[in-house]
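**Student:** Here it is: the structure, laid out below.
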């Protein structure tokens, strides 16, 4: 597995070693020992989640206060633009974001530790998104920051070159109620 820390070094892009031949391919999507070595800590995942979303659906920016979640995310069909935003007040990268294209084709995964908001925009006709989390979902602790917060200024690929998305991203009612970073509950 190749591990590349991003501009926010705690967020790590993982690229598995893929074994291709004329029958297809094989790769390890998760290996606890190898993951602990590249991340530098033992991480226990308690739940796996999967979602399917149509093109132009934007989910996020989600996070959980009190019982924060670390996430290991990947795409098993289609392509997304995946984003992590640092919400740790005492971090040198507080309020900054990193984003990567994840797809079934490139098989990349992104490690997003606790203390970050997470979201993604579907770029393909549809995408199936899979993620492992380090804490259970607690609806009372879930929070959302606006995807278009000007203070964070995420450069979402709303109109990718491959196909124009002429519409605004599709959001859930809950995500439409997201708050600005200046009004959000944060991590110390």
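The values are calculated or read from the model by the stated rules, or taken from the named source; none is laboratory data. This one's a predicted model, so the numbers in the text were calculated from it and none came from an experiment. Note: ideal-geometry Cβ built from the backbone for every residue, glycine included; neighbour counts use all protein chains shown.
**Student:** Scan region 116-123 and tell me whether some residue there is in a loop (DSSP other than H, G, I, E, B) and modelled with pLDDT under 95.
**Tutor:** yes
**Student:** Taking the criterion of being surrounded by 19 or more Cβ atoms within 10 Å (Cβ to Cβ), modelled with pLDDT of 95 or more, in contact with a strand residue (DSSP E or B) (Cβ under 9 Å, 6 or more places away or on another chain) and more than 23 Å from residue 139 (Cα to Cα), would at least one residue in region 88-97 satisfy it?
**Tutor:** For region 88-97, residues surrounded by 19 or more Cβ atoms within 10 Å (Cβ to Cβ), modelled with pLDDT of 95 or more, in contact with a strand residue (DSSP E or B) (Cβ under 9 Å, 6 or more places away or on another chain) and more than 23 Å from residue 139 (Cα to Cα): present.
**Student:** Check whether at least one residue in region 51-68 is farther than 21 Å from residue 172 by Cα and in a strand (DSSP E or B), and report yes or no. Break it down into steps so the answer makes sense when it comes.
**Tutor:** Filtering region 51-68 for residues farther than 21 Å from residue 172 by Cα gives 66-68.
When the remaining residues are screened for being in a strand (DSSP E or B), the result is none.
No, there is no match, as no residue in region 51-68 is farther than 21 Å from residue 172 by Cα and in a strand (DSSP E or B).
**Student:** At pLDDT 95 or above and either crowded, with 21+ Cβ neighbours inside 10 Å or part of a strand (DSSP E or B) (or both), is that true of residue 132? Don't jump to the end; show me each part of the working.
**Tutor:** Details: at pLDDT 95 or above: yes; either crowded, with 21+ Cβ neighbours inside 10 Å or part of a strand (DSSP E or B) (or both): yes.
Yes, satisfied.
**Student:** Among the residues of region 11-48, count how many are in contact with a strand residue (DSSP E or B) (Cβ under 7 Å, 6 or more places away or on another chain), free of Cβ contacts under 8 Å to residues at least 60 places away in the same chain and in a strand (DSSP E or B).
**Tutor:** Final tally of qualifying residues: 3.
**Student:** Additional query: In the set 109, 105, 79, which member is within 22 Å of residue 26 (Cα to Cα) and free of Cβ contacts under 8 Å to residues at least 40 places away in the same chain?
**Tutor:** Going through 109, 105, 79 in turn, the sole match is 105.
**Student:** How many of the residues in region 41-57 are touching a helix residue (DSSP H, G or I) at 6+ places or on another chain (Cβ under 7 Å) and surrounded by 12 or more Cβ atoms within 10 Å (Cβ to Cβ)? Walk me through how you get there before you give the answer.
**Tutor:** Within region 41-57, the subset touching a helix residue (DSSP H, G or I) at 6+ places or on another chain (Cβ under 7 Å) is 42-43.
From what's left, surrounded by 12 or more Cβ atoms within 10 Å (Cβ to Cβ): 43.
Residues in region 41-57 being touching a helix residue (DSSP H, G or I) at 6+ places or on another chain (Cβ under 7 Å) and surrounded by 12 or more Cβ atoms within 10 Å (Cβ to Cβ): 1 in total.
**Student:** Does residue 65 satisfy the criteria of being under 16 Å from the mean Cα position of the chain (by Cα) and touching a residue at least 12 places away in the same chain (Cβ under 8 Å)?
**Tutor:** no
**Student:** Return yes or no: is residue 188 at negative phi and either surrounded by fewer than 12 Cβ atoms within 10 Å (Cβ to Cβ) or at pLDDT below 95 (or both)?
**Tutor:** Numbers: at negative phi: yes; either surrounded by fewer than 12 Cβ atoms within 10 Å (Cβ to Cβ) or at pLDDT below 95 (or both): yes.
Criteria met by residue 188.
**Student:** From the list 12, 66, which one is in contact with a helix residue (DSSP H, G or I) (Cβ under 7 Å, 6 or more places away or on another chain) and at pLDDT below 95?
**Tutor:** Details: 12 fails: at pLDDT below 95.
Checking each option against the conditions leaves just 66.
**Student:** Can you tell me which of 104, 84, 56, 127 is in contact with a strand residue (DSSP E or B) (Cβ under 8 Å, 6 or more places away or on another chain) and modelled with pLDDT under 95? Steps first, answer last, please.
**Tutor:** Details: 104 fails: modelled with pLDDT under 95; 84 fails: modelled with pLDDT under 95; 127 fails: modelled with pLDDT under 95.
None of the other options fit; the residue is 56.
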